[in-house]
Structures are given as structure tokens and as C-alpha cells.
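Visitor: Attaching a single structure in C-alpha cells format; questions to follow.
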Ligand code: IMP
């Protein structure tokens, strides 16, 4: 007999969730739209997608497969948040790129931009390596990010200033495997 894991079902986690903000269908439709924009904008150019671990794993996988062109992928892991819901302001490289990005067109793929602290640091770090261009894709953007200096080229969804989980985003390393973007019930935090 072949053992098969049950597919992850959001209903198993339902009691921990307060509200679904974005459904899986909405995510996939929006990624398809933005993929067409990216294909047009990068026509005739090489494209290196740089995912920021771990939150961007899901969006990177789906965005990459939605792009109908050659791409390369690389990953960086940086620390920004601790285990709570507020930014620590400390950014540290935990895993650097394997790729030399000199002369490359880099598109950073982020899960969420909140204060923009992490992203500002990342952009200046990558820019110092001599790429042909560095642009930013984020699935989600919170209101505070509007005030940041760095231009975000592709935004999936503008969301309210609430802590969200799912589709790669975690609370204490959990909930990344939800297919939707949701807020958590208050009992989870207590
Ligand atoms: P920033 O530096 O404040 O823009 O924070 C960016 C990082 O914080 C993201 O890449 C996430 O890892 C994390 N983060 C920010 N807001 C949320 C949220 O609502 N849920 C889960 N993680 C978040």
C-alpha cells in the first residue's frame, strides 16, 4: 500500500483564523496579470528572480511557473522579524545568493512589505554588487510601506495594517502552508 499524506485542508486550521483576506483564486488570477506585465517589461532581457526566504517560497514558486519565458531563480535568507509580530529593525544575511549578479537584471520577489525596512536594506545591498537593474515584486503591501523611499514595481495586493498569515507568511513559523491569506483569531496570540 502506498502511503499518501492528506492534502493540507484549511478547515483543519479554521478555528485559528479570523478572516480570509485573499482567496487562492484571487492570488492566482493576480499572479497571471502581473506575469504578463513582467514578460512585457523584461522582453529581450535576462531575468533573475531573487526570492527572500522563507516567506516568498509560495509566491516565488507560483510566479515563476506563471511566467512564460526563461528565468533563473536564486534565494537569500535575511532576518528581519523575531518570533512576534513587530519588526526588530535588525537585518542580517543568513544565506547569501549563489549567483554573481554583476550585469544581471534582478527582480526581488517578496511576500510582504510592511515598514519597508527589510527591503530598503536589501536593495542597497544588492545594488552595491553592480547589477544591470534591481526591481521589486511583492505579493502584499501594507499602508506604512507607502512612506518608504524604495519604489516597488509590482504589487499584488494592498492590504490593511493587520498581521496576516498563509501562502508563505507565518506566525511563529506556522500557517505558511495555508492556501489563502488570512488574519488570525485573537486566542492564537494569547
Ligand atoms: P518590513 O521590514 O517591516 O517591511 O517587514 C518585512 C518582513 O516582515 C516580511 O518579509 C515578513 O517576513 C515580515 N512580516 C511583515 N508583516 C507581516 C505579516 O503581516 N505577517 C507575517 N509576516 C510579516
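Visitor: State which residue is nearest to residue 162 (Cα to Cα) when the search covers only the stretch 88-111 and only residues that are near the ligand (Cβ under 9 Å from one of its atoms) and at pLDDT 95 or above.
Guide: My answer is 111.
Visitor: Which fully enclosed helices (runs of 4 or more DSSP H) of the stretch 18-135 have 3 or more residues being in contact with a helix residue (DSSP H, G or I) (Cβ under 6 Å, 6 or more places away or on another chain)?
Guide: Numbers: elements: 24-41, 57-66, 117-127.
Counting at least 3 such residues, we get 24-41, 57-66.
Visitor: Are any residues in the stretch 158-171 outside any loop (DSSP other than H, G, I, E, B), within 12 Å of the ligand (Cβ to nearest atom) and touching a helix residue (DSSP H, G or I) at 6+ places or on another chain (Cβ under 8 Å), and if so, which ones?
Guide: Step one: of the stretch 158-171, the residues outside any loop (DSSP other than H, G, I, E, B) are 158, 164-166, 169, 171.
Cutting the leftovers down to within 12 Å of the ligand (Cβ to nearest atom) gives us 164-166, 169, 171.
171, the sole residue that qualifies.
Visitor: Just checking, does the stretch 128-148 include any residue being within 9 Å of the ligand (Cβ to nearest atom), under 18 Å from residue 79 (Cβ atoms), in contact (Cβ under 8 Å) with a residue 24 or more places away in the chain and surrounded by fewer than 16 Cβ atoms within 10 Å (Cβ to Cβ)?
Guide: No: the stretch 128-148 contains no residue that is within 9 Å of the ligand (Cβ to nearest atom), under 18 Å from residue 79 (Cβ atoms), in contact (Cβ under 8 Å) with a residue 24 or more places away in the chain and surrounded by fewer than 16 Cβ atoms within 10 Å (Cβ to Cβ).
The values are calculated or read from the model by the stated rules, or taken from the named source; none is laboratory data. Quick caveat, the model's predicted, so the values are computed rather than measured. When we count neighbours, we look across all protein chains shown, and the Cβ atoms used for this are built from the backbone with ideal geometry, even at glycine.
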